[in-house]
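The values are calculated or read from the model by the stated rules, or taken from the named source; none is laboratory data. Computed from a predicted structure; not experimentally measured. Every residue, glycine among them, receives a Cβ derived from its backbone with ideal geometry; neighbour counts consider all protein chains shown.
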């Protein structure tokens with residue numbers, strides 16, 4: 001059994017190394033690989049240990065990578081699977097990084113709920129050939145920004161290109177391990193953004209359902225009406241996503257509650273996406289705007305993405321849950337925990 005679990009984690013580790021390579025240039029710095037976006041419209045990625053490295057991690061290597069990230073205007077972000085690189089947690093702390101940890105889970109396809117379980121929560125996959133694709137993509141970004149903003153409020157706006165682009169790809173888990181006396185400090189924001197690559201970060205990284213944890217009241221208001229009227233996403237981003245979806249490496253889902261006016265599709269209120277490399281896929285960036293939470297939309301999105309991947313020939317589907325409570329929600333969808341995903345970032349920026 002141990003050998004099977006090790007082989008499984010090795011597949012996940014290789015997936016996380018492979019995903020960014022389609023849209024980023026790898027730079028090897030010591031025992032780490034830093035993924036650098038190829039184009040201005042690309043996504044800023046993380047650094048991670050090189051696959052197969054067995055040498056003990058060194059804080060000096062982390063310092064070198066962080067200096068290069070600052071030089072390139074990239075987020076000082078690292079990600080890894082704890083069971084693959086168990087010594088890196090302590091070294092990352094010693095280098096001044098806070099480490100966020102999340103349950104790493106894989107799907108048992110036989111335990112996935114039947115299609116009719118979510119028949120009243122319509123989920124739509126974006127079609128790259130649709131004339132409405134650009135508008136749908138804008139809706140996806142806007143809902144994700146709102147879903148992962150503190151208290152489900154407004155996000156940071158639509159992404160832009162160039163050096164001043166907001167870091168919309170950084171995932172923040174609900175708990176932060178800063179290595180202090182208590183070990184864990186609360187992070188009430190629990191933010192994230194749409195993700196498309198890697199365990200915890202990546203093109204629009206990271207993992208995560210924030211659907212059920214909040215109880216909200218009041219009527220559901222259209223979450224994206226104003227933003228969709230704003231300038232559209234940059235053409236380069238639209239083209240990148242259209243190509244990735246057409247190639248089968250990325251899938252984006254929108255979901256909403258049916259209404260009398262929109263019985264089939266509903267007003268979009270939840271999002272999620274899936275990244276695929278060969279026969280492995282990761283579900284990432286699952287979130288719901290605050291007024292629509294606790295109605296099963298995140299579960300419907302997750303199940304729909306999983307079924308889509310299985311139908312396409314994927315035989316290993318995984319995700320990183322926000323915390324143990326969220327992991328229980330995924331468990332009810334057929335996922336089981338196999339390890340821990342980590343992402344490390346500075347606890348305070350230099351001079352801050």
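For residue 75, are the conditions met, namely being outside any strand (DSSP E or B), modelled with pLDDT of 90 or more and assigned by TED's automatic domain parsing to the domain that holds residue 20?
Numbers: outside any strand (DSSP E or B): yes; modelled with pLDDT of 90 or more: yes; assigned by TED's automatic domain parsing to the domain that holds residue 20: yes.
Against the criterion (outside any strand (DSSP E or B), modelled with pLDDT of 90 or more and assigned by TED's automatic domain parsing to the domain that holds residue 20), residue 75 qualifies.
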Within segment 88-127, residues surrounded by fewer than 15 Cβ atoms within 10 Å (Cβ to Cβ) and part of a loop (DSSP other than H, G, I, E, B) come out as 108, 114, 119, 120, 127
Here are some conditions: (1) at pLDDT below 95; (2) under 22 Å from residue 116 (Cα atoms); (3) surrounded by fewer than 22 Cβ atoms within 10 Å (Cβ to Cβ). Residue 312 meets all but one. Which one does it not meet?
(1)
So which residues in segment 1-29 are more than 23 Å from the chain's Cα centre (by Cα) and in a strand (DSSP E or B)?
28, 29
Can residue 7 be described as under 26 Å from residue 321 (Cα atoms) and assigned by TED's automatic domain parsing to the domain that holds residue 276?
no
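Can you tell me which residue among 127, 120, 136, 132 is at pLDDT below 95 and within 22 Å of the chain's Cα centre (by Cα)?
When all the criteria are applied, what remains is 136.
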Selection status of residue 242, in the same structural domain as residue 130 (by TED's automatic domain parsing), modelled with pLDDT of 95 or more, surrounded by fewer than 24 Cβ atoms within 10 Å (Cβ to Cβ) and not in a loop (DSSP other than H, G, I, E, B):
no
Would segment 317-324 turn up any residue that is surrounded by 24 or more Cβ atoms within 10 Å (Cβ to Cβ), at pLDDT 95 or above, in a helix (DSSP H, G or I) and under 18 Å from the mean Cα position of the chain (by Cα)?
no
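Residues in segment 66-87 that are touching a helix residue (DSSP H, G or I) at 6+ places or on another chain (Cβ under 9 Å) and either within 18 Å of residue 29 (Cβ to Cβ) or loosely packed, with under 13 Cβ neighbours inside 10 Å (or both): how many?
Taking segment 66-87 and keeping what is touching a helix residue (DSSP H, G or I) at 6+ places or on another chain (Cβ under 9 Å), we get 74-85.
From what is left, the residues that are either within 18 Å of residue 29 (Cβ to Cβ) or loosely packed, with under 13 Cβ neighbours inside 10 Å (or both) are 74-80, 85.
Residues in segment 66-87 being touching a helix residue (DSSP H, G or I) at 6+ places or on another chain (Cβ under 9 Å) and either within 18 Å of residue 29 (Cβ to Cβ) or loosely packed, with under 13 Cβ neighbours inside 10 Å (or both): 8 in total.
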